[in-house]
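Inspection log for the structure reproduced underneath, given as structure tokens.
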Amino acid sequence: GKVRAPTHIISTISDDRGEEPCYAGVPMSTIIERGYGVGDVISLLWFKRSLPRYCTQFIEICIMLCADHGPCVSGAHNTIVTARAGKDLVSSLVSGLLTIGPRFGGAIDDAARYFKDAYDKGLAPYEFVESMKKKGIRVPGIGHRIKSRDNRDKRVQLLQQYAHTHFPSVKYMEYAVKVETYTLSKANNLVLNVDGAIGSLFLDLLAGSGMFSKQEIDEIVEIGYLNGLFVLARSVGLIGHTFDQKRLKQPLYRHPWEDVLYAK
Ligand code: ACO
Ligand code: LMR
């Protein structure tokens, strides 16, 4: 019979050996002929299936809404400083990307993990928040440096409106909103932030679309696919900030002495 030489790599998402490359079995020409967008391509390459239009549009909305948030946030600041140090595009980009994590933009997976666990266990929102406090863990997806009860994050509202109109169920998001109601009773800035909105709504997308088994949902949440949405989105803005600094011929950045407390 046929003897198969052992391989060192297994790959299941794309194939470039034929006449045209395929993403999850779908040829490039089909992607173009059917007018697929970046949400469809993400569905194929990350989730290995074509998702319904309302899901791919939700993915695209996440990418558009998270593409940038001004020059003052951690990621853009790092990128700007790096570009002004004369570094190239990739260095400036990754310098910004490296700030994405538990405090900034990278709380989506943990928000999904903790909201899912608490909801599935039937914990009342206050029980969940208080149990996190006991463990000394800040609730991922809650809190913002500049957004508050009276200055809500428009991105969160837009995502919620879209899901209310298009998703069959928004039970995880509604749970996250109840958590927010409780945390807002403690402090004004403990709003549901964009990471928490995407984390909870993606749980609703996965559970409500009928396209994923329970086991697949658990795997997606456990591996942590969802921070990828912020990483991908913010790359658009960080690349823009790099070009902006180069275009403006900005000199080397040096932080002013006056803004540092030199303490003993
Ligand atoms: N859960 C519970 N309590 C909180 C939370 C939270 N998520 N955030 C703040 N607090 C409380 C704590 O008591 C905190 O005191 P501590 O420092 O002793 O823990 C107190 O509020 C003071 O916090 P602030 O100084 O007002 O918060 P700060 O402005 O420094 O932090 C941040 C903002 C980093 C977003 C914070 O709320 C947080 O860690 N949230 C969880 C992570 C998260 O969701 N990050 C994504 C933000 S959205 C984005 O980056 C795109
Ligand atoms: C962002 O998207 O970068 C923000 O939510 C963070 C911030 O502090 O504005």
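Please treat every number below as a calculation from the coordinates, not as lab data. Only a predicted model underlies this, so the values are computations on that prediction, with no experimental measurement involved. Here the Cβ is made from the backbone with ideal geometry for all residues, glycine too, and neighbour counts use every protein chain on show.
A few remarks follow.
- Each residue of the range 3-9 was assigned a 3J(HN,Hα) from its phi angle through the Karplus curve 6.51 cos²θ - 1.76 cosθ + 1.60 (θ = phi - 60°); the sequence is 9, 9, 5, x, 9, 9, 9 Hz, with glycine and proline shown as x.
- Considering only Thr56, Pro251, Tyr225, the residue lying farthest towards the positive end of the dipole of the chain is Pro251, judged by Cα position with unit charges set on Cβ.
- Dividing the convex hull volume of the alpha-carbon atoms in the chain by its residue count gives 223 Å³ per residue.
- Chain lengthening between Gln215 and Ser91 when straightened (0.36 nm per residue, less Cα-Cα): 40.8 nm
- Two-site FRET efficiency, Lys2 against Ile137, from Cβ-Cβ distance with R₀ of 35 Å, rounded to 0.05: 0.05
- Formal net charge of residues neighbouring Pro102 (Cβ-Cβ distance under 14 Å; K, R +1; D, E -1): 0
- The relative contact order of the range 57-185 comes to 25 percent, based on Cα pairs under 8 Å that sit 6 or more residues apart.
- Per-residue ellipticity at 222 nm computed for the chain from its helices equals -17000 deg cm²/dmol, with DSSP H segments shorter than 4 residues left out and the rest contributing -39,500 (n - 2.57).
- When each of Lys134/Lys171; Lys133/Lys264; Lys121/Lys178; Lys133/Lys171 is checked by Cα-Cα distance, pairs over 21 Å: Lys134/Lys171; Lys133/Lys264; Lys133/Lys171
- Using distinct alpha-carbon pairs, which all enter the 1/r mean, Kirkwood radius of the range 140-242 in Å: 14.7 Å
- Counting Lys and Arg as +1 and Asp and Glu as -1 over every other residue whose Cβ lies under 13 Å from the Cβ of Ser29, the net charge comes to -2.
- Built amide H within the under 5 Å cut-off of Gly141, gap 5+: Gly196
- Its relative contact order, with pairs defined as Cα atoms under 8 Å and 6+ residues apart, puts the range 55-119 at 24 percent.
- Linear extension gain, Asp259 paired with Ala124, 0.36 nm per residue minus alpha-carbon span: 44.2 nm
- Each peptide in 201-208, 135-142 was scored by the mean count of other Cβ atoms within 10 Å over its residues; highest first, the order is 201-208, 135-142.
- Relative contact order of the chain, taken over Cα pairs closer than 8 Å and 6 or more residues apart, is 26 percent.
- Length released on extending from Ile13 to Asn151, taking residue separation times 0.36 nm less the Cα-Cα span: 45.5 nm
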